[in-house]
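In what follows, a single structure is set out as structure tokens and then discussed.
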Amino acid sequence: MGNVQSTENLKSYKMFVGGAWVETSETSAVVNPATGEKIAEVPIATIEELNLAVKAAKDAFDHGEWRDFQPVERGRLLYKVANLIRQNQKEIAEIEMLDTGKPFNIAMFEVEIGARYYEFYAGVADKIMGETIPIKDGILDFTKREPLGVTAHIIPWNGPFQMTSRSVAPALATGNTVVIKPAQETPLSTLKLAEILDEAGVPKGVVNVVTGSGRVVGNALATHPDIRHITFTGSVETGKTIMKAAAENITPVTLELGGKSPQVVFADADLEEAAKVVASAITLNTGQVCSAGSRLLVERSVHKEFVEKVKTHMETLKIGSSEDNADIGPLITKNQLETVEAYVQYAKDNGAKIHCGGKRPNIDSNGFYYEPTLVDGIAPDSKLAQEEIFGPVLVVLPFDTKEEALEIANGTEFGLSAGIWTSNINTAHWLADRIKSGQVYINSYSVGTGVEIPFGGSKKSGIGREKGLEALKYYTEVKNVAIKYM
Ligand code: NDP
């Protein structure tokens, strides 16, 4: 591959600007979280290099051959990208596995989701329509949905390939150009994606990948006057910084900022099924998922019984690397591991009961592993029940009535996802109507791949929606044209 040089155990990557692979004078290390070993070096872009990427994207939008791509041709191009991703699925999944530590089968699944985004938006590229508006005789008024221009994509480390694809695919389908800034911890699959987009025939400058820190490169991207939309997934604090930066140029933002999502389990639910899904919704990707079901609200009459069931599922999960055929991998960094440990220590210091986990597993590895942990006996307004931990830590909060369940469910700053478990259709709808959350699942959680359904949050979980047809609104703006003909 032209963009990677390999020595025995270390790969050196270049970044992708204006259709060319570019080296920089400074590089940063990429570490495999399953072993703690350095696996690659990637460029650290300077602000000048970032500016060149934005210029390449702006030139491609304003003058390049991209402008001549008809909607149907953009669609065909995206189908080609989806096919190339599938042809390279194993290689991309291996890159993702080494870079993020996630088990290989999960990485394979996420790469397939990535392919699905290009496929889904390929199909709608030539179906983005305006409307005619009746005014009076002699006037024809119609709207058009036009691309915005250069779009910025600031990506986190927890699902890099599929998250990059979920915003890049609709941005391209609608005719925008793109500058991507992956997380420093996990840039490798995004660089591979650039190679695939290039091979598929995406014109030069339409997609650019610039690596480096969020503080410098990400900030320069968010404040750049030629950026016409920013899509960001990550922490609330960084989301606020980006929103302030965007305000300078009145740049629209889509922010997906995580959550503290409740799983509300009533005594009349299928407790076996609920326990299985509740355990998996906090341990998938080692809990490093924005929509992780991280609070278990359980009706008091089945509290003890249900907690036992969840605990059993958590304890049967195998922790380790892909080579060990494990169910759950490591946390992304030593720092994230220490953050999770500090939360659980705080719970212990404040008299919480730890039903299981609460420590690093006893395995022979320098990876950043932590056991699935079930914390009970804490108040709904305590730090552990309020803050996003981003690890495999589930807090248990019993309730007596549906009104109390609602109050606890809505009692955080977040509003991303919610699960409701009950066999009573009235209870299910009563709660679904009142929970402040971007998405609600009833007797399920995160069903399907989610490519087709809108995704985003209320309150501090964010602004705007990704995925599905809904996302197209954020990558286009409406132009109204009025024609007087009589
Ligand atoms: P951040 O929100 O800081 O990072 C996400 C992305 O934003 C990265 O690409 C990062 O770059 C970039 N970034 C950081 N600062 C800026 C800035 N000033 N301007 C522009 N871009 C910036 O998350 P962290 O990685 O620090 O994780 C901290 C916590 O955030 C986690 O524990 C979790 O709670 C939450 N989080 C939520 C995610 C979600 O899916 N909603 C995903 C990831 C984290 P870089 O890291 O390369 O410096």
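The values are calculated or read from the model by the stated rules, or taken from the named source; none is laboratory data. Please read all numbers here as calculations on a predicted model, not as lab measurements. Heads up, the Cβs are rebuilt from the backbone with ideal geometry, glycines too, and the neighbour counts pull from every protein chain shown. Quick note on the areas: whole protein, heavy atoms, side chains included, nothing else; ligands and nucleic acids left out. Shrake-Rupley method; radii C 1.70, N 1.55, O 1.52, S 1.80 Å.
At-a-glance table
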| read-out | value |
| --- | --- |
| Shape call, the chain: gyration tensor on alpha carbons, a/c limit 1.5 | oblate |
| Helix axis angle, 89-100 relative to the chain longest principal axis, alpha carbon, degrees | 60 |
| List Ile196, Ile133, Ile425, ordered by accessible area with a 1.4 Å probe, largest first | Ile425, Ile133, Ile196 |
| Of all DSSP beta bridges in the chain, antiparallel share, percent nearest 5 | 40 |
| Paramagnetic label zone (point 7 Å from Cα along Cα-to-C-beta, Leu469; backbone N under 18 Å) in region 61-101 | 72, 75 |
| Cα centre as origin, Lys/Arg/Asp/Glu Cβ charges: region 126-174 dipole, Debye | 180 |
| Met129 accessible area, 1.4 Å probe, all protein chains in place, Å² to nearest 10 | 130 |
| Charge dipole (debye, nearest 20) of the chain; +1 at Cβ of Lys and Arg, -1 at Cβ of Asp and Glu | 860 |
| Under 5 Å, built H, 5+ apart or other chain: amide partners of Val31 | Ile39 |
| Dipole of the chain, positive end: most advanced residue of Leu193, Ala267, Thr316 [Cβ charges, Cα centre] | Leu193 |
| Residue-averaged [θ]222 nm for the chain, counting only DSSP H segments that reach four residues, each worth -39500 (n - 2.57) | -11500 deg cm²/dmol |
| Accessible surface, region 378-434, averaged per residue in Å² (probe 1.4 Å) | 39 |
| Area of Tyr485 that stays accessible when all protein chains are in place (1.4 Å probe, Å², to 10) | 140 |
| Sequence of Arg300, Arg295 when ordered by accessible area, the most exposed leading, probe 1.4 angstrom | Arg300, Arg295 |
| Net dipole in debye of region 214-345 [+1 Lys, Arg Cβ; -1 Asp, Glu Cβ; about Cα centre; nearest 20] | 480 |
| Heavy-atom accessible surface of region 1-109: percent carbon and sulfur, 1.4 Å | 50 |
| Filtered GluC sites (Glu not before Pro), region 10-87: DSSP coil and at most 12 other beta carbons within 10 Å | Glu23, Glu26 |
| Percent accessible area from carbon and sulfur atoms, region 199-262, protein chains only, probe 1.4 Å | 58 |
| Between region 425-451 and region 38-56, the alpha-carbon center distance in angstrom | 41 |
| Whether region 43-120 is rounded, prolate or oblate, judged on the alpha carbon gyration tensor where a/c under 1.5 counts as rounded | oblate |
| In Å², nearest 10: area of Asp433 left accessible to a 1.4 Å probe | 120 |
| Cα-based helix-to-principal-axis angle, 303-316 vs the chain, degrees rounded to 10 | 60 |
| Accessible heavy-atom area order of Lys484, Lys402, Lys479, Lys467, highest first, probe of 1.4 Å | Lys484, Lys479, Lys402, Lys467 |
| Antiparallel DSSP beta bridges within region 342-471, percent to nearest 5 | 35 |
| Pairwise label distance in nanometres, Val72 with Lys90, each label 7 Å out on the Cα-Cβ vector | 3.7 |
| Extension gain (nm, one decimal) between Glu273 and Lys244, 0.36 nm per residue minus Cα-Cα | 6.1 nm |
| Cα-based helix-to-principal-axis angle, 160-173 vs the chain, degrees rounded to 10 | 40 |
| Overall form of region 396-460 per C-alpha gyration tensor (a/c, 1.5; a/b vs b/c) | oblate |
